[in-house]
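Following: one structure in structure tokens, then a few remarks.
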């Protein structure tokens, strides 16, 4: 396994791989790797000849009031997991390497990036789209892998790829969950024991919404209320948003006559967690 910290080294390695006509898969991460990340790695290992994992806590996607400085970092453990997973290359740049002095160019994806997380975290997706485009330009992957847990992020990246005619296939991968349904996330490390137990309420709320639709409920507000009722019964939970939206546009729907996405952002204590589930799907 090779480790590149400089963009020039990454470009040099990728150039050789491309010249050998090998297929490159990219798994972009912010580190603190868990089974969710490793499931993306396994998909790339199955599909591609050469797998690149990027590890970079991207400051551009954090607001000044957010948790950039305390975001979980476990670089040595991450490298060990990458080695054990058979990764070919880890790209782990410094902030100054990715955002050199004078950097002032950003990518803005309009429309789909403005709802849900975009409304709660202004500027977040500008930072996400910018760093992902830079990684695409540097690693030149044939495929890139993103988890459905961050559904809106996936859709923002897909739209950027379409709109800018980028030559990369985006591969969505299923959410990986704990036995009680909690979606794996690096931020789960913030949770104390009581908060960890409370955090399972997100999944229970999604299941309640799914079950309401399965039982014949079509009014989107009633489906949303089914999820909210579950969350509001948990004392440690505070809802940021709960929405029933179109899976492609992420705009609210009035009725669930076709598959819809139930999207949640909930604070458990001081930790903000997101999750989602498609409902109305056989």
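Some points to look at:
- Options 113, 119: the member that is farther than 21 Å from residue 55 by Cβ, touching a strand residue (DSSP E or B) at 6+ places or on another chain (Cβ under 9 Å) and modelled with pLDDT of 95 or more: 119
- When restricted to residues that are crowded, with 20+ Cβ neighbours inside 10 Å and in contact with a helix residue (DSSP H, G or I) (Cβ under 6 Å, 6 or more places away or on another chain), segment 254-264 contains 3.
- Only residues that are touching a helix residue (DSSP H, G or I) at 6+ places or on another chain (Cβ under 7 Å), surrounded by fewer than 16 Cβ atoms within 10 Å (Cβ to Cβ) and closer than 22 Å to residue 273 by Cα were counted across segment 64-97, and they come to 1.
- Selected residue [in contact with a helix residue (DSSP H, G or I) (Cβ under 9 Å, 6 or more places away or on another chain), at pLDDT 95 or above and in a helix (DSSP H, G or I)] from 170, 131: 131
- Considering segment 19-62, the residues that are closer than 21 Å to residue 142 by Cα and out of contact with any strand residue (DSSP E or B) (no Cβ under 8 Å at 6 or more places or on another chain) include one that is surrounded by the most Cβ atoms within 10 Å (Cβ to Cβ), namely 38.
- Hits in segment 1-16 - residues which are farther than 16 Å from residue 80 by Cα and either surrounded by fewer than 14 Cβ atoms within 10 Å (Cβ to Cβ) or touching a residue at least 60 places away in the same chain (Cβ under 8 Å) (or both): 5, 6, 7, 8, 10, 11, 12, 13, 14, 15, 16
- Looking across segment 183-232 at every residue that is assigned to a loop (DSSP other than H, G, I, E, B) and in contact (Cβ under 8 Å) with a residue 12 or more places away in the chain, the one that is surrounded by the most Cβ atoms within 10 Å (Cβ to Cβ) is identified as 185.
The values are calculated or read from the model by the stated rules, or taken from the named source; none is laboratory data. Fair warning: this is a prediction, and the values are worked out from it, not measured in the lab. Counting neighbours? That spans all protein chains shown, and the Cβs are built from the backbone with ideal geometry, glycine included.
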